[in-house]
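Have a look at the structure below, then the notes.
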Amino acid sequence: EMLSDMKRLTPLLRAIEENCQDKVVFESGTGTGVLSIMAARAGARVVFCSEIDPAIAAFAKENIANSGCADRITLIEGSTLDVTLADLGGRRPEVLVAENLSTWQVTEPQNQVMNYLRTNLAQPGAVAIPAVSMNYLQLAQAEYTFFDTVTLPCHFFEFSGIRNARQLSKPTLFTEFDYNTLSDTSVDKTITVTAWTGGTVNALRLTSPIHYSAGNEFDWSDSLMPPVVVPLVNSVNVKAGDQLTVSVRYDTNTRWEDVRCEIAPR
């Protein structure tokens, strides 16, 4: 899936080309091994990578063996969170690559993985790829009734072909995770959002533009990090200019069903 999604792959490859030459690199969750291979081809001195799924790791092994870079890539089978400095031969990574990405980091361990790498393995000042995730929300009006008979108020992804929610406010920054520092893994925050048009707010629309490197951004594709529309327990009718307080509570690396979103007139 990733290999055929150039919108998703291109900014990653650009960041790798810009940052990996003559560096010690660690990639978390290598999958097919493509990013580790590209880091080696970009001139990395050595690349370490981890893969927890044995079946996927078998593909990575074969791809690495056929890459012409096998002498500079070491695959570690198991969880990144179990990797020790001894597994890396005492070599501290200078570049951290992790594409454990999901919208708002809800269903993937991006924050936990990057925190572990930076705390336990990386050199001080190691470069993170991606560098920053910017999490935005919008007031939204979603249609949860289908064919005039079926009602299904649940979260949904705005993939191509899906009926999108009506956007009732501009995107408002909620949290920003800078992976060059340690990131929170629990979120409990309230902000004020202003409606830009009238309607019924019954959902929030969540997006996570990614900053990979200077001038190198990614918003979403049909294989990664689409906008997610999350239903609210209550709904509020608004007109343009109305302000609402929006509260969101969740842990990263969890389920969308466990994300708690509330709104109230200010």
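The values are calculated or read from the model by the stated rules, or taken from the named source; none is laboratory data. Remember, it's a predicted structure, so these values are computed and weren't measured experimentally. Counting neighbours? That spans all protein chains shown, and the Cβs are built from the backbone with ideal geometry, glycine included. Ligands, DNA and RNA are stripped out before the accessible areas are found, and what is left, the full protein with its side chains, is counted by its heavy atoms. Shrake-Rupley method; radii C 1.70, N 1.55, O 1.52, S 1.80 Å.
Taking the criterion of being aliphatic (A, V, I, L, M), under 20 Å from the mean Cα position of the chain (by Cα) and over 25 Å from Asp222 (Cβ atoms), would at least one residue in the range 7-27 satisfy it? Yes, the range 7-27 contains at least one residue that is aliphatic (A, V, I, L, M), under 20 Å from the mean Cα position of the chain (by Cα) and over 25 Å from Asp222 (Cβ atoms). Out of curiosity, is Asn237 open to solvent by 20 Å² or more (accessible area, probe 1.4 Å), in a strand (DSSP E or B) and either under 14 Å from Thr103 (Cβ atoms) or in contact with a Phe, Trp or Tyr (Cβ under 8 Å, 6 or more places away or on another chain) (or both)? Criteria not met by Asn237. Looking at Ser79, Ser102, Ser67, just one residue is touching a residue at least 60 places away in the same chain (Cβ under 8 Å) and of a type in the set (Ser, Thr, Tyr), and that residue is Ser102. Inside the range 240-264, residues that are in contact with an Asp or Glu (Cβ under 6 Å, 6 or more places away or on another chain) and assigned to a loop (DSSP other than H, G, I, E, B) make up a count of 0.
Charged (D, E, K, R), surrounded by 14 or more Cβ atoms within 10 Å (Cβ to Cβ), touching a residue at least 24 places away in the same chain (Cβ under 8 Å) and out of contact with any strand residue (DSSP E or B) (no Cβ under 7 Å at 6 or more places or on another chain) - does that describe any residue in the range 180-190? Yes, because at least one residue in the range 180-190 is charged (D, E, K, R), surrounded by 14 or more Cβ atoms within 10 Å (Cβ to Cβ), touching a residue at least 24 places away in the same chain (Cβ under 8 Å) and out of contact with any strand residue (DSSP E or B) (no Cβ under 7 Å at 6 or more places or on another chain).
Restricting Ser79, Ser160 to those that are within 19 Å of Thr30 (Cβ to Cβ), surrounded by fewer than 20 Cβ atoms within 10 Å (Cβ to Cβ) and not aliphatic (A, V, I, L, M) reduces the list to Ser79. Residues in the range 219-229 that are modelled with pLDDT under 95 and assigned to a strand (DSSP E or B) were compared, and the one that is nearest to Asp178 (Cα to Cα) is Leu224. Where residues in the range 35-71 are outside any helix (DSSP H, G or I) and among the aliphatic types (A, V, I, L, M), which of them is farthest from Asp82 (Cα to Cα)? Residue satisfying both the conditions and the ranking: Ala42. Out of contact with any Pro (no Cβ under 9 Å at 6 or more places or on another chain) and open to solvent by 70 Å² or more (accessible area, probe 1.4 Å): does that describe Asp22? Yes; evaluated as a whole, the condition is true for this residue. From the list Arg91, Arg72, exactly one residue is of a type outside the set (A, V, I, L, M), open to solvent by 50 Å² or more (accessible area, probe 1.4 Å) and touching a residue at least 40 places away in the same chain (Cβ under 8 Å). Which is it? Checking each option against the conditions leaves just Arg91.
Restricting the range 163-178 to residues that are among the basic types (Lys, Arg) and not in a strand (DSSP E or B) leaves a set whose member that is surrounded by the fewest Cβ atoms within 10 Å (Cβ to Cβ) is Arg163.
Checking Thr10, Thr32 one by one, the residue that is part of a loop (DSSP other than H, G, I, E, B) and open to solvent by 20 Å² or more (accessible area, probe 1.4 Å) is Thr32 and no other.
Candidates in the range 115-126 are the residues that are small (Gly, Ala, Ser) and open to solvent by less than 50 Å² (accessible area, probe 1.4 Å); of these, the one that is farthest from Thr80 (Cα to Cα) is Ala126. Quick one: is Gln112 under 28 Å from Asn216 (Cα atoms), open to solvent by 10 Å² or more (accessible area, probe 1.4 Å) and not in a helix (DSSP H, G or I)? Spelling it out, it is not the case that Gln112 is under 28 Å from Asn216 (Cα atoms), open to solvent by 10 Å² or more (accessible area, probe 1.4 Å) and not in a helix (DSSP H, G or I).
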